[in-house]
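The values are calculated or read from the model by the stated rules, or taken from the named source; none is laboratory data. Computed from a predicted model, the values in this text were never measured in an experiment. Every residue, glycine as well, gets a Cβ built from its backbone with ideal geometry; the counts of neighbours run over all protein chains shown. Only protein heavy atoms, including side chains, enter the accessible area calculation; ligands, DNA and RNA are left aside. Shrake-Rupley method; radii C 1.70, N 1.55, O 1.52, S 1.80 Å.
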Amino acid sequence: MSIKVERPGLLTSLQDLGRYGFQKYGVIVSGAMDAVSLRIANLLVGNQEGEAALEITLVGPSLTVKEDLFIAITGGDLSPQIDGEPVPLWRPVYVRKGSILSFGACRTGSRAYVAVSGGFAVEEVMNSKSTYLRGGIGGFKGRALKAGDIIQCNKMPKKSEDLFIKLKNKGGFHPFAAADWYVNPASVVNIKNKTEIRVIRGGEFDHFTPASQKQFFEQEFKITPNSDRMGYRIEGRALKAEESFELISEAVSHGTIQVPKDGNPIILLADRQTTGGYPKIAQVITADLPLIAQLKPGEKTRFKEITLEEAEQLYLEQEQKMQQLKMGLQLKKHKE
Amino acid sequence: MLTLNQMKDLIKTVDQSSVDRFKFEAEGMKVLVEKIAASGQSSERIQVGETPENQESISAAAAVQKEKVDKEASSSTDKEQHRVLAPMVGTYYSRSNPDAEPFVQVGTKVEENQVLCVLEAMKLFNEIHSEVSGEIVEILAEDGQLIEYGQPIFVIKNVD
């Protein structure tokens with residue numbers, strides 16, 4: 001089974017949940033920007049939740065499906081279509097051999113994930129299939145997809161076969177068929193408040209002037225076009241530190257918000273460097289990282305402070321919902 | 001929510017009346033009091049159903065209610081009207097998201113296989129399709145209500 005890339009889109013790369021354990025050698029984590037969407041896409045097609053899938057950014061690719069395929073598309077709504085017909089998101093979908101999966105306007109969010117049942121047949125590099133774009137390792141030949149690429153897919157797991165066959169029969173000669181059930185991402189991620197990102201204070205919060213501290217939680221910040229998988233540069237009224245000071249570089253994490261000298265913060269994301277020396281004003285809570293990943297340049301966001309305990313609680317709740325979803329899917333598969 | 005005393009009063013009143021079956025629904029609460037004349041002697045059964053927000057139920061009564069629901073379902077072979085029964089336990093939603101238009105309303109003409117509502121269970125949203133074409137004459141569920149297996153959700157009138 002394979003997929004041929006007709007048009008690559010703006011930035012389409014293979015990502016899993018990241019390459020952990022090598023940051024001490026300077027190897028960045030990478031992985032999906034919106035890990036929740038990636039995990040759900042995988043679960044819908046019967047994969048392990050951390051399997052690598054295609055991460056599609058703002059302008060989607062055009063892909064020819066060489067053999068019958070079982071897929072799920074999650075994340076932002078980039079108007080996916082198969083042979084010109086809209087495909088619903090967040091559902092298992094059977095795609096008929098020879099059909100073309102393409103994307104249109106970016107309606108909500110900015111990143112979509114396409115998982116195939118069985119996963120993509122690429123080698124793991126340092127325990128991960130994620131593409132480290134700047135380092136040129138992992139994923140498909142260490143790079144984003146290009147026109148003409150042919151990516152092989154693995155055989156689908158046994159447990160997915162029943163649903164696949166059921167959908168295939170439903171599809172008939174149609175280019176695709178989607179299940180009549182779906183996952184609502186709002187039941188896992190706080191999409192209702194997607195422009196209010198919750199944070200906890202960072203290590204150097206107290207180094208900022210009281211006015212800047214206040215301003216950080218009150219003003220809106222705009223995502224600048226100078227934002228990518230490494231980090232989002234956001235701008236508002238510039239934030240000032242009490243006195244100019246230099247830090248010795250130290251570890252940073254997914255969602256760390258640094259403030260360089262110009263006073264405009266940077267939110268560090270999937271392809272972040274391993275260490276940073278700018279003062280850290282805040283840290284985005286893990287449960288809200290998927291929301292950041294779906295913001296696009298030009299959109300605005302605010303930050304809301306919560307405590308570490310609340311952040312942990314929200315994370316645990318989110319994971320509990322994921323567990324519930326996993327169990328629900330298992331029961332579903334048994335019933336089909 | 002009724003207090004215990006109110007409930008006792010209710011049972012007494014029904015018992016002393018000529019009413020055989022009394023059903024009351026308000027604010028997500030359902031009360032059904034029914035006289036069952038088994039072997040000549042009359043006895044009452046009371047059932048309370050609740051929405052998930054303040055869940056509390058009498059489990060024995062729930063089982064009885066389910067049996068009844070199934071019976072109702074099998075007896076609804078009326079040609080004019082078709083009842084759409086829940087194929088699973090789940091939370092009822094009339095629309096795909098809070099800002100969307102409801103899938104159907106009373107008066108909506110539906111086709112066979114059209115999506116009528118979604119039932120959520122274990123974070124999965126299951127579309128409920130119409131088995132017949134016709135017109136929706138009654139919607140028996142409210143948004144957020146927990147629906148039992150076999151519970152009627154819609155009444156569809158055959159228009160042709």
Report summary line: For chain A, the helices passing both cut-offs (Cα extent along own axis of 30 Å or more, Kyte-Doolittle mean at least -1.0, full DSSP H runs) are none
**Report entry** Under 11 Å, Cβ to Cβ, from A:D262 - net charge with Lys/Arg +1 and Asp/Glu -1
**Finding:** +2
Report summary line: Whole-Å distance linking the alpha carbon centroid of region B:83-160 with that of region A:86-135 is 32 Å
Query raised in the report: At a probe size of 1.4 Å, how large is the accessible area of A:V188, to the nearest 10 Å²?
Result: 10 Å²
Query raised in the report: By how many nm would the segment from A:K159 to A:A238 grow when fully extended, if each residue of separation counts as 0.36 nm and the alpha-carbon distance is taken off?
Result: 23.1 nm
Query raised in the report: region A:1-107: which trypsin sites (Lys or Arg not before Pro) are DSSP loop and have at most 14 other beta-carbon atoms within 10 angstrom?
Result: A:K97, A:R107
Query - A:I267, A:I137, ranked by accessible area, largest first (probe 1.4 Å) - result: A:I137, A:I267
**Report entry** Occluded residues from region B:103-123, i.e. those whose accessible area drops by 40 Å² or more once the chain is not alone (1.4 Å probe)
**Finding:** B:M122, B:K123
**Report entry** Computed magnitude of the charge dipole of region A:191-316 (debye, nearest 20; Cβ of K, R +1, Cβ of D, E -1)
**Finding:** 520 debye
Query raised in the report: Which ³J(HN,Hα) values, rounded to whole Hz and listed in residue order, are derived for region A:59-69 from phi using the Karplus coefficients 6.51, -1.76 and 1.60 in 6.51 cos²θ - 1.76 cosθ + 1.60 with θ = phi - 60°, glycine and proline given as x?
Result: 10, x, x, 10, 10, 9, 8, 7, 9, 3, 9
Report task. Among A:V93, A:L69, A:P279, pick out the residue whose Cα is farthest towards the positive end of the charge dipole of the protein assembly as shown, where Lys and Arg carry +1 and Asp and Glu carry -1 on C-beta, about the Cα centre. Result -> A:L69
Report summary line: Measure of exposure for A:S117: accessible area at 1.4 Å probe, Å² rounded to 10, is 10 Å²
Requested in this report: Would you please give the residues with an amide H less than 5 Å from that of A:G109, counting only those at least 5 places away or on a separate chain, with H modeled from the backbone geometry?
Outcome: A:D77
Query - Accessible-area ranking of A:Y25, B:Y149, largest first, probe 1.4 Å - result: A:Y25, B:Y149
Query - Surrounding net charge for A:R7, when Lys and Arg each add one and Asp and Glu each subtract one, Cβ distance under 12 Å - result: 0
Requested in this report: Name the aspartates and glutamates eligible as straight-distance cross-link partners of B:K123: C-alpha to C-alpha under 18 Å, and not fewer than 8 places from it in the same chain.
Outcome: A:E49, A:D180, A:E317, A:E319, A:E336, B:E53, B:D143, B:E148
Query raised in the report: What accessible area, in Å² to the nearest ten, does a 1.4 Å probe give for A:D162?
Result: 100 Å²
Report summary line: Checked against a 28 Å limit on the C-alpha separation, the offending pairs among A:K24/A:K146; A:K321/B:K23; A:K66/A:K141 are A:K24/A:K146; A:K321/B:K23
